[in-house]
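Notes to accompany the following structure.
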Amino acid sequence: MPEVRVKSSVLCLAFSLAATVVAAQTVVTPPKNKYSPAQDVQMGREAAAQADKQLKILRDPQTTAFLEKIGRRIIDAAPASMQHPEFRYTFKVVDAKEINAFALPGGPTYFNRGMFIAAKSEGEVAGVLAHELSHVLLRHGTAQATKATPYEIGTIAGQILGAVIGGRTGAIVAQGSQLGIGAAFLRFSREYEHDADILGAQLMARAGYDPREMANIFRTIEQQAGNGGAPVFSGNGSVPRYFALSGACGRE
């Protein structure tokens, strides 16, 4: 093996170890929230009812079971302080080619067929689920509603659904709910996305997955967007900073 390749591999290993340490040592706490976990469940159930009407759900027991297996593994790795017995996690596959996934308050989780096509490994699927389920565990949906003014709240379930779906699909849902809220309120804040990245990486490690797989799938999303694609991933679609370099290792 050429010397330059050896040095490159050593640098990749160093960056990978540093990134893992940063993610593992960062403490993530749920933001201020005036709603109860039981209200998360109620609002998430109402939003899921809207999603089921407006999205084409793929009836494929094998694929759904595969998604649920990974999702349960991620949830079981969550800290006890973030485990809410009221939450009911469900996993559904959406028959859509766009790269997208989202999880609603209380646990209903949706994963596009296009995301399965983009993912190159089970670990990359886990990376997407870990990020989205982190939003549920941190209760970001209702925390975002907590920050809204009375004039912005409108129909809470629809507002939350529009926020977590994002992109063109989210805009359609928001219009259908007649919310009348600003476009800036239809996605999670950068702070919430950052916290979901951090917690997601921690959950992956605890569940036995390589956290760098999250960076790999985010990188794929970025590349497809750069090639003229239009991913509507509810996350920020960017590679977490602490994996920006290490996530490229092993993809030579």
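When Met1 is tested against the conditions (1) of a type in the set (A, V, I, L, M, F, W, C); (2) at pLDDT below 85; (3) under 30 Å from Lys92 (Cα atoms); (4) not in a helix (DSSP H, G or I), the lone failure is (3). Condition test on Leu67, is it at pLDDT 95 or above, surrounded by 13 or more Cβ atoms within 10 Å (Cβ to Cβ) and in contact with a Leu (Cβ under 9 Å, 6 or more places away or on another chain)? Judged against the criteria, Leu67 is a match. Screening Ala126, Ala78, Ala130 for residues that are within 22 Å of Phe188 (Cα to Cα) and assigned to a loop (DSSP other than H, G, I, E, B) leaves exactly one candidate, Ala78. Filtered by the rule that a residue be farther than 15 Å from Thr220 by Cβ, under 10 Å from the mean Cα position of the chain (by Cα) and not hydrophobic (A, V, I, L, M, F, W, C), region 94-109 gives a lone residue, Thr109.
Kindly indicate whether Arg139 is under 25 Å from Asp210 (Cα atoms), of a type outside the set (S, T, N, Q) and either without any contact (Cβ under 8 Å) to a residue 12 or more places away in the chain or touching a strand residue (DSSP E or B) at 6+ places or on another chain (Cβ under 7 Å) (or both). Against the criterion (under 25 Å from Asp210 (Cα atoms), of a type outside the set (S, T, N, Q) and either without any contact (Cβ under 8 Å) to a residue 12 or more places away in the chain or touching a strand residue (DSSP E or B) at 6+ places or on another chain (Cβ under 7 Å) (or both)), Arg139 does not qualify. With respect to the conditions (1) assigned to a helix (DSSP H, G or I); (2) farther than 23 Å from Arg212 by Cβ; (3) modelled with pLDDT under 90, Ser16 lacks only one, and its number is (2).
Annotation: Ala184 fulfils all but one of (1) modelled with pLDDT of 90 or more; (2) in a helix (DSSP H, G or I); the unmet one is (1).
When restricted to residues that are more than 14 Å from Leu58 (Cα to Cα), hydrophobic (A, V, I, L, M, F, W, C) and not in a strand (DSSP E or B), region 97-116 contains 2. Yes or no: Ala48 in a loop (DSSP other than H, G, I, E, B), farther than 21 Å from Leu199 by Cα, of a type in the set (A, V, I, L, M, F, W, C) and in contact with a strand residue (DSSP E or B) (Cβ under 6 Å, 6 or more places away or on another chain)? When the stated conditions are applied, Ala48 does not pass them.
Taking the conditions exactly as written (surrounded by 14 or more Cβ atoms within 10 Å (Cβ to Cβ), in contact (Cβ under 8 Å) with a residue 12 or more places away in the chain, among the hydrophobic types (A, V, I, L, M, F, W, C) and closer than 18 Å to Ala196 by Cβ), does Phe87 satisfy them or not? Yes, satisfied.
If a residue has to be modelled with pLDDT under 85 and assigned to a helix (DSSP H, G or I) to count, how many in region 191-236 make the cut? Summing the residues that are modelled with pLDDT under 85 and assigned to a helix (DSSP H, G or I) in region 191-236 gives 6. Summed over region 50-75, the residues that are touching a residue at least 60 places away in the same chain (Cβ under 8 Å) and among the small types (Gly, Ala, Ser) give a count of 2.
The values are calculated or read from the model by the stated rules, or taken from the named source; none is laboratory data. Just so we're clear, the structure is a prediction, and the values are computed from it rather than from any experiment. When we count neighbours, we look across all protein chains shown, and the Cβ atoms used for this are built from the backbone with ideal geometry, even at glycine.
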